[in-house]
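Okay, structure first, notes after.
Bear in mind these aren't lab numbers, they're just calculated from the coordinates by the rules spelled out. Note that the structure is a prediction, hence the values are computed from the model and not measured. Neighbour counts are summed over all protein chains in view; Cβ atoms, including those assigned to glycine, are modelled from backbone coordinates with ideal geometry.
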Amino acid sequence: MRENICAVILAAGDGKRMHSRRPKALCQVLMEPMIGWVTRFCRRAGVEEICIVTGEGGQLIQEAVGPGVHYACQRERRGTGHALRMAEQFLRGSSAGTVLVLNGDAPFVSDRVIAHLAQTHRQEENAVTVLSAHLEQPRGYGRILREADGALAAIVEEADADEAVRLIQEVNSGAYCIEKSFLLEAFSRFDCRNAQGEYYLTQVVEIARSMGLRAGACLEEDPLAAMGANDRRQLAQLNELARRRVLERLYEAGVDIPCTDGVLVSPTAQVGRDACILPGSVIKGDCVIGEGAVIGPNTWLENSRVGADSTVNSCQVYEAEIGAGCTIGPFTYLRPGTRIGNQVKIGDFVEVKNSTVGDHTSVAHLTYVGDADVGRGCNFGCGVVLVNYDGEKKYRSTIGDDAFIGCNANLISPVTVGDGAYVAAGTTLTQDVPEGALAIGRARQQNKPGWMEKTGKFKGRR
Ligand code: UD1
Ligand code: CA
């Protein structure tokens with residue numbers, strides 16, 4: 001069945017009610033744009049042919065979503081029915097017989113919910129099936145009107161509803177399955193005779209019925225599936241609901257979160273059992289955290305991996321990999337392309353970028369490791385700098401296993417330090433160091449006895 005479904009995601013809405021400079025669908029829930037949630041679920045449901053309808057700022061949506069989807073443009077915002085019609089060319093070009101329509105501002109229509117909707121649509125042999133749910137507070141949503149026998153009668157928007165209709169708590173989620181052949185015929189029958197003067201997609205129900213076709217509503221138990229965000233208040237609400245869901249999932253997976261204050265975890269994060277997430281920690285994107293790892297307090301982890309039993313305390317970590325049994329932090333900055341081995345210590349005010357660090361190595365304080373391959377069992381003193389940039393180009397250095405880099409050494413890249421070599425403190429290294437050698441490159445100290453007394457500034461001890 002999946003091969004027979006294509007999807008259109010309506011995302012041409014601007015950020016007016018959000019008071020945003022960017023399209024509404026780019027507003028984020030758990031640090032991921034809503035359009036990202038919708039496309040992710042769509043793909044997970046096995047729907048591969050996807051068309052996103054964008055308006056002004058469509059370029060920004062394309063950048064956020066990336067390749068692998070089609071785009072259609074709605075230049076003027078004339079309603080959801082009009083927006084769907086903008087995808088007509090895509091629909092005609094697709095071999096799919098059924099169209100899944102999703103709202104770009106309703107991020108919780110999950111793959112499970114999509115499967116449920118598609119199954120109901122097929123079983124009931126409908127021309128159109130709308131996904132609905134019961135909301136305690138249905139204000140702002142289109143209401144589902146049913147006949148006495150339960151059949152779907154119509155969808156009525158809040159603005160067009162009378163008192164009685166407004167009391168209905170079953171709402172339109174904005175997700176539909178529609179038979180393509182019917183939809184292509186129906187396009188010309190939409191009108192904008194309603195309170196908002198827009199082409200409502202919801203009119204599709206009335207059009208199907210007038211053509212003697214079946215329209216149905218698939219009632220979803222999870223109210224979250226119907227929830228969308230039109231303004232910042234609703235967006236914050238979606239964030240809180242999504243946050244709680246993720247935390248519940250982590251508890252079920254045996255993750256310890258003793259206090260949830262400031263803990264924000266993306267829905268795609270994987271966290272092993274006995275791992276602990278401490279307050280103030282944000283885990284964004286596709287992170288994988290091993291069993292028994294301790295994240296936080298106050299850590300930002302983005303698209304990174306942390307091995308089992310490692311601790312990452314008060315750190316900023318972006319697109320980096322940390323092995324098992326490591327101690328990272330406090331106050332460490334790991335930047336993209338960093339790969340840290342097992343049992344490594346990276347301490348305070350150390351920045352590592354685009355570098356590998358071997359097992360059992362220690363880089364404990366005030367150090368910059370940029371564009372370097374560091375071996376196993378090395379020890380870096382305090383204040384080491386890999387001088388990787390000469391103002392024009394970046395260079396890469398290699399440090400062998402068991403090397404010792406003394407305090408305040410500057411390694412002017414590109415250099416190679418051999419296995420077991422020793423770089424004396426304060427050295428400015430400009431040449432390679434052979435295996436097992438001592439490199440010392442600093443001005444020899446001279447002491448001039450009594451020199452200060454001659455200046456008259458120091459009297460000495462009487
Ligand atoms: C819509 C539904 C409502 C439903 C609710 C669910 C209609 C008329 N109403 O209302 O029944 O309960 O969603 O969240 O369909 N869009 C365009 N172009 C347009 C207008 C909208 O692409 O010209 C996109 C928006 O970006 C958004 C989606 O369609 O992603 C829904 O539009 P929105 O204006 O938010 O509709 P609602 O008033 O929420
Ligand atoms: Ca909406």
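Numerical summary
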{"read-out": "For the stretch 1-43 and the stretch 119-197, distance of Cα centres in Å", "value": "20"}
{"read-out": "Long-range amide H partners of Val417 with built H, under 5 Å", "value": "Thr398, Ile399, Gly400, Val433"}
{"read-out": "Cut-off under 5 Å, modelled amide H: who pairs with Arg339 long-range", "value": "Glu321, Ser355, Thr356, Val357"}
{"read-out": "R0 of 51 Å, Cβ-Cβ distance Gln59-Glu185: FRET efficiency to nearest 0.05", "value": "0.95"}
{"read-out": "Global form of the chain, assessed from the alpha-carbon gyration tensor, a/c cut-off 1.5", "value": "prolate"}
{"read-out": "Table column - 3J(HN,Hα) (Hz), the stretch 427-438, Karplus curve with 6.51, -1.76, 1.60, x for Gly and Pro", "value": "6, 9, 8, 10, 10, 5, 10, x, 3, x, 8, 9"}
{"read-out": "Separation between Cα centres of the stretch 44-117 and the stretch 298-352, rounded to whole Å", "value": "38"}
{"read-out": "Relative packing of peptides 302-310, 222-230 - highest average C-beta neighbours within 10 Å first", "value": "302-310, 222-230"}
{"read-out": "In Hz, Karplus ³J(HN,Hα) per residue of the stretch 203-218 (6.51, -1.76, 1.60; θ = phi - 60°; x = Gly, Pro)", "value": "5, 4, 5, 5, 5, 4, 5, 5, 8, x, 9, 8, 10, x, 10, 9"}
{"read-out": "Positive minus negative residues near Val387 (Lys, Arg vs Asp, Glu; Cβ under 14 Å)", "value": "0"}
{"read-out": "For the chain: relative contact order, % (alpha-carbon pairs under 8 angstrom, 6 or more apart)", "value": "8"}
{"read-out": "Residues whose placed amide H lies under 5 Å from that of Ile52, excluding near-sequence neighbours", "value": "Ile9, His70, Tyr71, Ala72"}
{"read-out": "Close Lys-Lys pairs in the chain, where close means Cα under 25 Å and separation is 8 or more or interchain", "value": "9"}
{"read-out": "Net charge contributed by nearby residues that have their C-beta within less than 13 Å of Gly296 (K/R +1, D/E -1)", "value": "-2"}
{"read-out": "Value of relative contact order over the stretch 2-83, rounded to a whole percent, pairs C-alpha under 8 Å and six or more apart", "value": "36"}
{"read-out": "DSSP beta bridge pairing in the stretch 89-220, given as percent antiparallel to the nearest 5", "value": "70"}
